[in-house]
Amino acid sequence: MSRSALTALFVLFPAVAPARQVPDTATMRRAIGEYQTACARDGGALWGKTLCGPLLLIDRATRMSVASESPPDTGFRAMGAVFIGPAPGNVPFANTASLWHGRWWAFALTPLPTTSVARTHLLIHEAFHRIQGELGLSGIDALNNHLNERDGRYWYILELRAAAAALRLTPETAHQAVQDALLFRTYRHTLFPGADTLERALELQEGLAEYTGQRLAFAAAADAERYAAEQLTAFESRATFVRSAGYGSGPALGLLLDRYAPGWRGLVNQKGLAPQLAEAVGFVPPSDLASRARERVEVYGGRELAAAEDARELARQKTLTAYRSRLVEGPVLVLRQEGLMRSFNPNTLIPLPEGGTIYPTGTFSAEWGTIEVKTGALVAANFQTLTLPAPADTTPPSLQGPDWVLRLSAGWVLVPGPRRGDFTVVRKP
């Protein structure tokens, strides 16, 4: 996930808290060794800077942690080549990279993936975020709301399928599939003006990290590009691409650029990924772009995909109607803040056309306290308001609503909002 910004954005992959209460420090120690082997094998060749550096793995259930080097906080003890101790409260409880006592650390939560390749993939991804700013490649976590629309999703998935087909072929035989991927992408951008800028931002911020994770994790594999194609095929089943699109198209474009334009990484900040690939393979948008794109869809299961996306769109509209009733039209609790800390699953975000984004689950905090949400919260586009269904229990310090619990900070109180039944929280006079 992305490095922590000034808004303290922490993002989690989907995971279920394990029932066990004994931390699996053996797997954590093994994962650190796998990560160190992968980054040492690279030796800084990929980005001109080593990906080796401080890494902390945190057990989700107990907060017991394993570090690659001695952490700045006390309480850790040496155990062979690693350090073990409880994660202090000032470290991000997320898969991310963040400043900790003046140094950038990478962080990851357990349970870790079950295979060595997948573990290394994840940890190298976070390690890239640790050095991303030094490389001048930090982007923004742009929400690609058009990729929740029927046509946005349809043409994006077709791009992924064409890219996966290209990765399964040799560079000499993949030319048509690469052209098709760029064709579908270009047509999508004509349907949604400004989409190219939004997608580029996520491909820089998360796509480069995901490309780096895949590239180094698969370096020792006999058929690395086949594995990458399998990742793309699995990726298209995600519920939404609004915040996660870079994880799909980013590594696909990067791995194809490795074939056709090996020097692309030195120009990516200026040119992006897709424009360099288009230049390398001589792609020129046809004058009959729309008809040409539609001609090529059947190669990639376009008819069946269209039917699936039509059905999804009907379900999406029903979901939006239900959320509007709960978070816009009905009585609500509105929390206001300048900076909102968020821990959430990026694969579930739902744009609300009236403005803002629905987070089906997540943990949010600001000066007013911390709130855990299980069935939906509306976050404004500027992150300065958080809206939930009005509380059923208004007894502090823990306020409760339908599947959410707010733990108020000292000095904050619940007061009526502008509409009947609405509430907000303010500092106690």
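Our analysis of segment 197-298 gives Rg over Rh at 0.98, with the two radii drawn from alpha carbon positions and Rh computed by the Kirkwood formula.
With all pairs of separate Cα atoms included, segment 219-371 yields a Kirkwood hydrodynamic radius of 19.6 Å.
For the pair ASP258 and THR197, a Förster radius of 22 Å applied to the C-beta separation gives a FRET efficiency near 0.35, rounded to the nearest 0.05.
When you work out D = kT/(6 pi eta Rh) for segment 89-207 at 10 °C and 1.306 mPa s, using the Kirkwood radius from C-alpha pairs as Rh and the Stokes-Einstein form, the result is 95 µm²/s. Residues of segment 403-429 with an amide N closer than 20 Å to a point placed 7 Å from the Cα of GLN384 along the Cα-to-Cβ direction: 417-419, 423-427. For segment 132-175, the average shadow cast by the Cα convex hull is 4.9 nm², which is a quarter of the hull's surface. Would you kindly give the portion of the calculated P(r) for segment 202-243 that falls above 12 Å, as a percent of all Cα pairs? Value for segment 202-243 (Cα pairs over 12 Å): 65 percent. Against the empirical 2.2 N^0.38 Å (N residues), the chain has a Cα radius of gyration ratio of 1.03. With N counted as the residues of segment 297-429, its alpha-carbon radius of gyration over 2.2 N^0.38 Å works out to 1.23. Excluding same-chain neighbours fewer than eight residues apart, the lysines reachable from LYS318 by a Cα-Cα span under 28 Å are LYS374. Surface exposure of segment 58-116, expressed per residue as accessible area with a 1.4 Å probe, stands at 42 Å².
The length gained on full extension between ARG30 and MET79, counted as 0.36 nm times the residue separation minus their Cα-Cα distance, comes to 16.4 nm. Heavy-atom accessible area, probed at 1.4 angstrom with all protein chains present, ranks THR190, THR120, THR348 as THR190, THR348, THR120, highest first. Computed from the C-alpha gyration tensor, the three semi-axes of the ellipsoid equivalent to segment 37-151 are 26, 19, 15 Å, from longest to shortest. In percent, rounded to a whole number, the relative contact order of the chain is 14, using alpha-carbon pairs under 8 Å and six or more apart. For segment 220-260, the fraction of C-alpha pairs more than 17 angstrom apart is 33%. Per residue, segment 292-358 exposes 50 Å² of solvent-accessible protein surface, assessed with a 1.4 angstrom probe and all protein chains in place.
Computed over protein heavy atoms with a 1.4 Å probe, the carbon and sulfur contribution to the accessible area of the chain reaches 56%. If I model a spin label as a point 7 Å beyond the Cα along the Cα-Cβ vector, how far apart are those points for ARG324 and GLU367 in nm? Computed distance between label sites ARG324 and GLU367 equals 3.5 nm.
Ordered by 1.4 Å accessible area with all protein chains kept, ASP258, ASP180, ASP223 run largest first as ASP223, ASP258, ASP180.
The values are calculated or read from the model by the stated rules, or taken from the named source; none is laboratory data. Note that the structure is a prediction, hence the values are computed from the model and not measured. When we count neighbours, we look across all protein chains shown, and the Cβ atoms used for this are built from the backbone with ideal geometry, even at glycine. These accessible areas exclude ligands, DNA and RNA; they are computed on the full protein's heavy atoms, side chains included. Shrake-Rupley method; radii C 1.70, N 1.55, O 1.52, S 1.80 Å.
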